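Okay, so here's the structure we're looking at.
Read-outs throughout are calculated quantities, based only on the coordinates presented, and are distinct from any laboratory measurement. Note that the coordinates shown come from a computational prediction; the quantities given were computed from them, not determined experimentally. Counting neighbours? That spans all protein chains shown, and the Cβs are built from the backbone with ideal geometry, glycine included.
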Amino acid sequence: MSAFSALKTIPSHPIAGGHRRRSSPFLSSLTNTAPTGHQLHSSAAISVSLSHSVIAPGRPVRAVSANVVSEEKQLDGSAFPVISREEALDLYEDMVLGRTFEDMCAQMYYRGKMFGFVHLYNGQEAVSTGFIRLLTDGDSVVSTYRDHVHALSKGVPARAVMAELFGKATGCCRGQGGSMHMFSREHNLIGGFAFIGEGIPVATGAAFSSKYRREVLKEACDDVTVAFFGDGTCNNGQFFECLNMAALWKLPIVFVVENNLWAIGMSHIRATSDPEIWKKGPPFGMPGVHVDGMDVLKVREVAKEAVGRARRGEGPTLVECETYRFRGHSLADPDELRNPAEKSRYTSRDPITALKKYVIEHGLVAESELKAIDKKIDDLVEEAVEFADSSPPPPRSQLLENVFADPKGFGIGPDGKYRCEDPGFTQGTAQV
């Protein structure tokens with residue numbers, strides 16, 4: 001597939017307005033020249049809108065979007081539902097779990113129950129839920145330092161995530177990972193990674209493993225890997241190197257850019273020569289898609305196609321989800337750099353509120369059922385806090401585990417016992 005024929009556009013989705021979905025999010029192909037705004041709107045194949053929120057001043061508008069932050073006409077509400085009742089309940093519950101969990105994390109952090117940097121996911125729930133709730137148990141997820149909600153969406157119990165944040169032995173990493181290093185072999189959550197771009201090569205390796213097992217070892221394996229990362233990562237070398245390898249070997253991976261428009265305190269527009277990240281896919285021969293990351297149904301539709309392509313052996317996809325974090329970069333960030341009007345515009349498009357409105361208006365779920373879910377999640381998160389708070393800290397014997405490949409000459413003494421268990425081990429140093 002040529003780089004240009006791989007370039008796709010997507011239609012708008014009914015949850016936040018725009019034009020009615022007509023077929024696959026990957027329906028139409030563009031020509032080998034970047035289209036103008038007039039060409040896009042006059043296309044007979046599909047109706048799309050232009051994204052104005054990520055285009056640098058003075059640049060020609062070239063991005064094809066799913067009506068991200070658009071003032072164009074909204075649906076009249078008569079569009080057919082695109083999800084079942086069961087799917088609606090699952091999506092809503094997962095998003096509310098993520099939001100409620102993160103709000104509780106903020107409380108616990110300021111009460112001194114958590115330490116170090118804690119990066120919350122509020123506002124971005126549609127991306128995690130839209131992708132991860134489509135995955136199978138065998139599929140893998142690779143995350144960033146903003147990883148709590150990815151872990152929850154993949155099925156890691158809330159109590160295990162909270163205990164990890166508390167640094168307790170009952171955490172998903174036995175208290176050794178903390179906020180930025182969630183990991184669960186059981187759930188194929190390959191990590192949280194603190195350094196930006198660090199997880200992309202790992203995700204590419206996981207996808208290679210799936211392909212190797214299927215094509216070389218002849219195992220029945222159609223597992224897919226989804227790699228999440230932010231807009232700030234897309235200027236790093238690992239990103240481009242892995243796009244090349246994934247396309248070259250047609251790996252079963254989806255690269256998901258959670259473009260919340262800010263890399264800590266650096267505006268995305270100021271940091272990159274071309275802010276349209278989705279366009280970086282086609283030069284490597286893979287589809288590049290830009291979608292409204294504040295709309296879980298739009299994200300879900302794109303995710304279905306991208307994950308399906310990977311599972312069928314058709315190779316990788318780059319998906320740019322334009323989203324927004326409702327809090328500062330971390331809980332240590334006073335969030336004074338972003339324009340209040342910008343924040344207000346995105347918070348008015350809360351993805352949970354939008355989904356709730358959609359499912360009620362389409363008669364999929366009664367409001368009383370959603371309130372019952374809210375209560376269920378509140379109780380679940382409260383229980384997770386109680387569990388984490390009452391759990392024991394890791395034993396001193398864990399101190400040097402997973403540090404040395406051959407610990408016999410380092411962490412274990414001649415008597416076979418861990419040296420850190422010796423009362424004199426830390427003598428003259430800070431108490432462990």
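Quick check: net charge around Asp333, other residues with Cβ under 14 Å of its Cβ, Lys/Arg +1 and Asp/Glu -1? Display every interim value, and only then the final one.
Values: positive: Arg146, Arg325, Arg327, Arg338, Lys343; negative: Asp335, Glu336.
Combined, the nearby Lys, Arg, Asp and Glu give +3.
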Too long for a 31 Å Cα-Cα cut-off, among Lys211/Lys304; Lys211/Lys280; Lys113/Lys357; Lys218/Lys280; Lys168/Lys357, are Lys113/Lys357; Lys218/Lys280; Lys168/Lys357
Under the 7 Å Cα-to-Cβ spin-label approximation, Ser273 and Glu361 lie apart by a distance in nanometres of 4.3 nm
Extend 7 Å from the Cα of Arg85 along its Cα-to-C-beta direction; within region 290-320, residues with backbone N under 12 Å of that point are none
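Which loop chymotrypsin sites (Phe, Trp or Tyr not before Pro) in region 177-231, with loop taken from DSSP, have no more than 13 other Cβ atoms within 10 angstrom of their Cβ?
Values: sites: Phe183, Phe193, Phe195, Phe208, Tyr212, Phe228, Phe229; in loops: Phe183, Phe193, Phe195.
When the chymotrypsin sites (Phe, Trp or Tyr not before Pro) of region 177-231 are filtered for loop state and at most 13 Cβ neighbours within 10 Å, Phe195 remain.
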Rounded to 0.05, the calculated FRET efficiency for the beta carbons of Gln398 and Ala332 at R₀ = 30 Å is 0.65
Of all DSSP beta bridges with both partners in region 170-278, the antiparallel percent, nearest 5, is 35 percent
Note: Thr347 to Asp374 extended length (0.36 nm per residue) minus current alpha-carbon separation gives 7.8 nm
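Pop the C-beta distance of Ala106 and Lys417 into the FRET formula with R0 = 30 Å and round what comes out to the nearest 0.05. Before the final figure, lay out each step's value.
On the way: r = 41 Å, r/R0 = 1.37.
Here the calculated transfer efficiency is 0.15.
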